[in-house]
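A short reminder: the numbers here are calculations on the coordinates, not readings from a lab. None of the values given here were measured: they were computed from a predicted structure. Cβ sites come from the backbone with ideal geometry, for glycine too, and all protein chains shown count toward neighbours.
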Amino acid sequence: MPHWLIGGRMARQHRLDPTTEEQVRDRMKILAAILALAVAALATALWAYRDIPATTLEARYTGPASKFIYIDGARIHYRDQGSGPVVVLIHGNFSNLIDWDPWVDALEDRYRVVRFDLTSHGLTGPDPTGDYSQERTLALTARLIDALGLRRISIGGTSLGGTIAVHYAAAHPERVARLILLNPGMLEGKEMARRGGVPKAAYLLKYILPRALPAAMLRSGFGDPSKVSDALIDRWYDLWMREGQRQAQLDRLSQYRAGDVEAIIRSIRVPVLLLWGEADSTAPIQQAQEFLKLLGNAASVKFIKYPGVGHMAVEEAGAETGRDLRAWLDATATSPGG
């Protein structure tokens, strides 16, 4: 029999072999099932990690003192409480103005305390310009202070907020009476910028952000992780999930540039209160000594260390640090402010 006839017959046999066709069909069914499961899992994840509407969060997290003001197109959430010399407080990265509650409790009977959510944070949310640079952040801060009619202030912040406070004090020395820094992030921020920006893969967090992430970040920021409450984790997670917030926060991290932080710190001339947690793993306590050297031109510097307290000191030791702040403000109050 000719070989081409044998080959054709074998080919027809192969095509018609019911065992082979059944195997192919089974494999296709398995692949289809896997694909369907993958699509369902992705859809479930996207639904589970969907944005929370701003109106929902405002109903949940505004308080009696909450107000909103438009500053250069950005709708800023702020609270203005108490009366007397003005203290402006700026929160750290990933945080929100509510974390300052213990300091407000310590001050508001004698001081006017103004705090606000930075853009890409809290109830302020994304900046419509998409600009989260240090220059834009400082400009919005300055315009907010002007819009509220604050003529002379004490200004303070923690982590990123400390960086903004130092920049404001350096740029507006005629407006600042005193500077308050809690675990300031300037030197660590410079090192972070040197290591490079945010990897593109991080933008997956825009779509899938488990609650475990803020929980882990908070616990790593506490000297005693057992002090992190479920309520604190829930609030951080909720406000991270505000519509547009994840994109905005990642953009802020991507746009961060440290600049010449040493020169800016050296330019400070007012009295400074420097508070630092000894268990801070983000801005290690060793940086405090460098900070103290750079503050050599300040009118005075009071330095207080907190054993066992981590980077998120206002969340972990708000009452203790607030008491020390109150004592220092009372001792150094020389101008009416506001």
Ratio Rg/Rh [Cα only; Rh per Kirkwood] for the range 184-306: 1.02
Amide H contacts of ILE90 (H built 1.01 Å from N, under 5 Å, at least 5 apart or other chain): GLY156, GLY157, THR158
Within straight-line cross-link reach of LYS305, aspartates and glutamates at Cα separation under 17 Å, skipping those fewer than 8 residues along the same chain: ASP224, GLU278, ASP280, GLU290, GLU315, GLU316, GLU320, ASP324
Residues ILE52, ILE180 arranged by fewest to most Cβ contacts within 10 Å: ILE52, ILE180
Projected-area average for the range 54-332 over all orientations - Cα convex hull basis, square nanometres: 13.2 nm²
J(HN,Hα) series, the range 134-147, from Karplus relation 6.51 cos²θ - 1.76 cosθ + 1.60, nearest Hz, glycine and proline x: 4, 5, 5, 4, 5, 5, 5, 4, 5, 6, 5, 4, 5, 5
Exposure proxy order (Cβ contacts within 10 Å, fewest to most) of THR20, THR282, THR124: THR20, THR282, THR124
